[in-house]
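The values are calculated or read from the model by the stated rules, or taken from the named source; none is laboratory data. Just so you know, these numbers come straight off a predicted model, no measurement behind them. Heads up, the Cβs are rebuilt from the backbone with ideal geometry, glycines too, and the neighbour counts pull from every protein chain shown.
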Amino acid sequence: MAGKPRILIVDDKASMRDMLAMALAAKGMEVTQAENGAKALELARATRFDAIVSDLKMPKLDGLGLLRALSEKGEPPPFIMITAHGSVKDAVEAMSLGASDFMEKPFELAEFEFKVERAIEEGRAAGAPPPKPSGEEALPGLIGASPQLLEVADIVKRAARSTVPVLILGESGTGKELVAKAVHELSPRKDKAFVAVHAGALAPGVLESELFGHEKGAFTGADSQRKGRFETADGGSLFLDELGKSRPPRR
C-alpha cells in the first residue's frame, strides 16, 4: 500500500487528540480525529485506516464498544487502546476482540509513535489472513489444528505484541508453560531470557528471595550475592507458575 499511513485518533479530550495527532503528523502520517466511538465508527466505515488509536472511556460509544462493532463487520485495522483506567481485564478483553496493543496513560510519546509505526507495519505485512495450519505447529511447541487451538493461537499472537501482563488460566497439565513460552517466542523479547518460577512450591520467604535476590549476609546462610529472577528476566519474560497456589506464611 503506497502513500501516507492514515490514522484515526479517537478521544473525547481535544487536547489529547491534538497532541497525538501532532506527533504522528510529524512522522509523515495523515491523521483524522473523532471525539467519540460513534463518530469514529462512522469514519471507519467510510474510510480504510492503517491504524486506529482509541481511548477506552468515552461517552456514546467507548473504546471496547468501537472495537467490538468493527470486529463484527470484519477484520478491523490495527487497533491500539489507550486509557487512564487500565486493568488486566480491560487488556484481555481488548486483545481478545482484536486490539494489537494496549497503553496506559501517561505514556512517552516516543513509545506511542513506535507502537503506531509497528502496528502499521504489521497490518500492511499481514495482508490477507494466513491459511489455517494443518498438522504443523499452530504455535511454537504446540501442534494441532483444532478450532480451539487456533483460537488460542490467535490470542497468543496478539498478546505477544503487547507489553501488558498476561494471565494464563487452566488446570495443571494443560500446557500453561507451553503457552507462556509461545508468547515469549513470538514477542520482541524472544532474544532475551525466559525465566519460569514455580511459585506454588515455594514458601513466602523463599519466594521473595527467588524473585528479588539477596545480598551476601542478608540472612543466615546467605554466603554470597544472588540475582533475583526479576533481574535475570530483565528485557525478557518472567513466568510465575501456579501463583494462585503459593504457600501461605506460617503463623
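From the list GLY170, GLY235, the lone residue that is within 28 Å of ASP90 (Cβ to Cβ), of a type outside the set (Lys, Arg), at pLDDT 85 or above and loosely packed, with under 14 Cβ neighbours inside 10 Å is GLY235. Checked across region 90-103, the condition of being in contact with a Gly (Cβ under 9 Å, 6 or more places away or on another chain), in a helix (DSSP H, G or I), small (Gly, Ala, Ser) and within 22 Å of ARG45 (Cβ to Cβ) holds for at least one residue. The one condition from (1) among the acidic types (Asp, Glu); (2) exposed (fewer than 15 other Cβ atoms within 10 Å of the Cβ); (3) modelled with pLDDT of 70 or more that ASP154 does not meet is (2).
So for region 10-28 (the condition being within 18 Å of GLU75 (Cβ to Cβ) and either touching a Lys or Arg at 6+ places or on another chain (Cβ under 9 Å) or in contact (Cβ under 8 Å) with a residue 40 or more places away in the chain (or both)), does at least one residue qualify?
No, the conditions are met nowhere in region 10-28.
Only residues that are in a loop (DSSP other than H, G, I, E, B) and either acidic (Asp, Glu) or at pLDDT below 80 (or both) were counted across region 176-203, and they come to 3.
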